[in-house]
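Shown next, in structure tokens, is the structure this report addresses.
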Amino acid sequence: MTIPPTVREIAELTARLRELSARGREVDPDQRAAFLADKHALLNRIRPAPHETASSPMSAEEAARRLTGPGRSLDESRALVRDYLDDTSDRVGVPAHLWGLDEYDLTAIESSGRGADEMPPVVVRCPEDRPRADAQYLDDRRADEDSAGDDLTRGIER
């Protein structure tokens, strides 16, 4: 049975890496080889994190067929998927219609009953480490970038 590396082992290996990096080309080749062997051995002891097995991505049509059932026609399911992808595209700012859908997407569509309309907003952390809704954060970032661009071009004659 392989024992996963401890935090101490990882920290010690990281300290060795810093030491070797600081010495640069002056490092003895045997020390470098020993470090690389130890790093390889440690990495081989890391087990993948337990997680649910992700299903293969499915097309919008496949997702619609999976959502079809008692009380919901194929056309209604297609509309749910289309609405979900439209809303996702609006949220992330890029077209999502060519992305594959997975079980998590199906759960989100199914739980809302009408697509993503009922889903809570995506929350990201802004630089001040306060949660903010994605649209507000992105609008603030764009405004900051616009004003920074103005500062850079101010005083330049065209």
Exercise for the section: Per residue of the range 87-93, in order, report the coupling 6.51 cos²θ - 1.76 cosθ + 1.60 (Karplus, θ = phi - 60°) as ³J(HN,Hα) in whole Hz, putting x for Gly and Pro. Expected result: 5, 4, 4, 5, 5, 9, x
Fill in the blank from the handout: Here, Tyr104 and Asp86, labelled 7 Å along Cα→Cβ, have an inter-label distance in nm of 2.4 nm
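Values quoted throughout were computed directly from the atomic coordinates according to the rules given, and no laboratory measurement underlies them. From a predicted model like this one, the values you see are computed outputs, not experimental measurements. Here Cβ is always computed from backbone atoms with ideal geometry, including for glycine, and neighbour counts include all displayed protein chains.
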